[in-house]
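Inspection log for the structure reproduced underneath, given as structure tokens.
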Amino acid sequence: MESTVLDRTRAHHEDIELFERAVVEVMIDEPKTAKDNVYTSHYVNVFTEKIMDRCKKLMDIYDDNDGSRQKEISSIVGQGQALYHIFYDKLREIKEYHRKYPNLQPEKSEAEQMLNSFDIETVVQFSGEEGYGKYLDLHEFFDRFINLKGVNKDIYYVQYLDIFYEFPDKNTVKDQVYLDYLKDLWAYLVSFFKRSQPLFDISAPLKQFEDDLNSSWNEGKFTPIGWTEEEDKKLKDQLFCKECNKSFTKDTVFEHHFKGQKHIKAAEAYKERMKEIWFLEVKINRLMGLLNDQLEDTKGYIEKKQARNENERLKETEENQDVDESSSDTSEEEVRMTKVNYPVGWDGNPIPYWLYKLHGLGIEYKCEICGNTSYWGRRAFEKHFQEWRHAHGMKCLRIENTKAFHEVTRIQDALELDRHLRKNSNKDKWDPDNMEEYEDEDGHVLNRKTYLDLKKQGIL
């Protein structure tokens, strides 16, 4: 039967109680690890949003702008014998419906279904370097940064962490590649903030950033990061026009060119092109003020890994080699430390053994889709699913390389999963012959195909 307004009201209240109970149950036990803390926060955030959604629907029902609630209440209100007639009419209607459809099963509410099948790990994911929201993983952006035009390439990752949000290098060529770099960096930082602090409403600060920038831009008070009036004066003294990206040799020619149409058009284009870049730089700089703790923890974590000097690293390597030689039973996860297969750090020396073990660089992962290519360490294994080799292997199998196939390395498993996904997608398609229902004179419910066949035969 079609649910009434009062039925929907009751269902929304029931959902709110179920979601509140789920939040209370997960909040009773205090999280012991960073992973538990982040997952608990996401769990609470998801169900809090569901509660707010149900409350909004209830407010719409109780406001009753269309009068449907009052109309339904009026239809079941009466006095004396009329009250009993209304009650028994409704009861008769319900009985006739269930007599007509005797095999109907009670439907579980969305809240109950969600609580029974909810998996928090599908909601949020972190890379191995992020440590469940404790550290920033900017290695990809560091690689892109040092390949930009005009930047200082003689820096290390730790130095990049100190400057990536301050934009001190004024020689950077601010072209489309630089703009794409800023967009991706901004998207990552926002995503990291939402994943690491789900209960913090980041939308309000982001809107404030945008409003402040637009306001200062419209008032003509906007100043790019690191740019001052002295910089403009210095460029003018050098007879250089930043809008036209051109140098001049004479003052008279330099002053006169500002009045030309060519400069005016170039200035307008420069202004529009640079507005987006400048806004992104300022927003990244401000957002890092909210992520300052994670940034400091990241720098401490990286510096700790690189703190040992050469003698300490060599000594540790020798000690670990002695341990390996004296050990009679070597597990499959451990690999003998030699100059041939032992990874080296940024300085060309073997990395510390504890770092080697931390990242699991002795663990081999093979991917049959990539042609049985070996990947050493979890990070390299996770990263390869988005690289060209794996994408090419999936293309050869005629399978779209989507998130559903993450962690799938065997060809047979990928083919079976693709077949299963296609089969389920076909199940959801509307089939009028089997899903459209018809009712004969006796009240029997038949699907469309059966009904039309019987009617053509003259049975109905």
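The values are calculated or read from the model by the stated rules, or taken from the named source; none is laboratory data. Note that the coordinates shown come from a computational prediction; the quantities given were computed from them, not determined experimentally. For neighbour counting, all protein chains shown are included, and Cβ atoms are generated from backbone atoms with ideal geometry for every residue, glycine included.
Taking the range 20-72 on its own, how many of its residues are over 30 Å from residue 124 (Cα atoms) and either surrounded by 14 or more Cβ atoms within 10 Å (Cβ to Cβ) or under 25 Å from the mean Cα position of the chain (by Cα) (or both)?
Kept after step one, since they are over 30 Å from residue 124 (Cα atoms), are these residues of the range 20-72: 59-72.
Retained after the next criterion (residues that are either surrounded by 14 or more Cβ atoms within 10 Å (Cβ to Cβ) or under 25 Å from the mean Cα position of the chain (by Cα) (or both)): 61, 64, 69, 72.
Total meeting the criteria: 4.
Picking from 44, 26, which residue would you name as being out of contact with any Cys (no Cβ under 9 Å at 6 or more places or on another chain), in the same structural domain as residue 70 (by TED's automatic domain parsing) and at pLDDT below 85? Give the derivation first.
Numbers: 44 fails: at pLDDT below 85.
None of the others qualify; the one that does is 26.
Of the numbered conditions (1) touching a strand residue (DSSP E or B) at 6+ places or on another chain (Cβ under 6 Å); (2) without any contact (Cβ under 8 Å) to a residue 12 or more places away in the chain; (3) acidic (Asp, Glu), residue 416 fails exactly one; give the number of that condition.
(1)
Can you give me the number of residues within the range 1-36 that are more than 30 Å from residue 61 (Cα to Cα), in a helix (DSSP H, G or I) and without any contact (Cβ under 8 Å) to a residue 12 or more places away in the chain?
Residues flagged as more than 30 Å from residue 61 (Cα to Cα), in a helix (DSSP H, G or I) and without any contact (Cβ under 8 Å) to a residue 12 or more places away in the chain within the range 1-36 amount to 2.
If only one of 170, 90, 153 is farther than 15 Å from residue 288 by Cα, basic (Lys, Arg) and not assigned by TED's automatic domain parsing to the domain that holds residue 271, which one is it?
Numbers: 170 fails: not assigned by TED's automatic domain parsing to the domain that holds residue 271; 153 fails: not assigned by TED's automatic domain parsing to the domain that holds residue 271.
Exactly one of 170, 90, 153 is farther than 15 Å from residue 288 by Cα, basic (Lys, Arg) and not assigned by TED's automatic domain parsing to the domain that holds residue 271, namely 90.
Starting from the range 295-308, keep only residues that are at pLDDT 85 or above, then list their pairs with residues that are in a helix (DSSP H, G or I) and buried (at least 18 other Cβ atoms within 10 Å of the Cβ) whose Cβ atoms are within a distance under 7 Å, requiring at least 6 positions of separation or different chains.
Listed pairs, sorted by first residue: 295/161; 298/161; 299/161.
Residue-by-condition table, conditions (1) closer than 26 Å to residue 278 by Cβ; (2) modelled with pLDDT under 80; (3) under 22 Å from the mean Cα position of the chain (by Cα):
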| residue | (1), (2), (3) |
| --- | --- |
| 98 | no, yes, no |
| 118 | no, yes, yes |
| 125 | no, no, yes |
| 136 | yes, no, yes |
| 142 | yes, no, yes |
| 146 | yes, no, no |
| 167 | yes, no, no |
| 181 | yes, no, yes |
| 194 | yes, no, yes |
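Considering only residues of the range 172-202 that are polar (S, T, N, Q) and in a loop (DSSP other than H, G, I, E, B), which is nearest to residue 35 (Cα to Cα)?
Step one: of the range 172-202, the residues polar (S, T, N, Q) are 172, 176, 191, 196-197.
Retained after the next criterion (residues that are in a loop (DSSP other than H, G, I, E, B)): 172, 197.
On the way: 172: 39, 197: 12 Å.
Once the filter is applied, the top-ranked residue is 197.
For the range 124-133, state whether one or more residues are closer than 30 Å to residue 17 by Cβ and either surrounded by 13 or more Cβ atoms within 10 Å (Cβ to Cβ) or not basic (Lys, Arg) (or both). Step through it out loud before you land on a result.
Of the range 124-133, the ones closer than 30 Å to residue 17 by Cβ are 124.
Filter again for either surrounded by 13 or more Cβ atoms within 10 Å (Cβ to Cβ) or not basic (Lys, Arg) (or both), leaving 124.
Yes, the conditions are met somewhere in the range 124-133.
One line per residue, one yes/no per condition, for (1) farther than 26 Å from residue 102 by Cβ; (2) surrounded by 14 or more Cβ atoms within 10 Å (Cβ to Cβ); (3) over 28 Å from the mean Cα position of the chain (by Cα); (4) modelled with pLDDT under 90:
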site	(1), (2), (3), (4)
387	yes, no, no, yes
402	yes, no, no, yes
435	no, no, yes, yes
439	no, no, yes, yes
443	no, no, yes, yes
451	no, yes, yes, yes
459	no, no, yes, yes
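Could you check, for the range 139-154, whether at least one of its residues is closer than 27 Å to residue 49 by Cα and crowded, with 16+ Cβ neighbours inside 10 Å? Please lay out each step first, then the result.
Our first condition is that a residue be closer than 27 Å to residue 49 by Cα; within the range 139-154, this holds for none.
No, there is no match, as no residue in the range 139-154 is closer than 27 Å to residue 49 by Cα and crowded, with 16+ Cβ neighbours inside 10 Å.
From (1) within 19 Å of residue 296 (Cα to Cα); (2) surrounded by 18 or more Cβ atoms within 10 Å (Cβ to Cβ); (3) among the hydrophobic types (A, V, I, L, M, F, W, C), pick out the condition that doesn't hold for residue 158.
(2)
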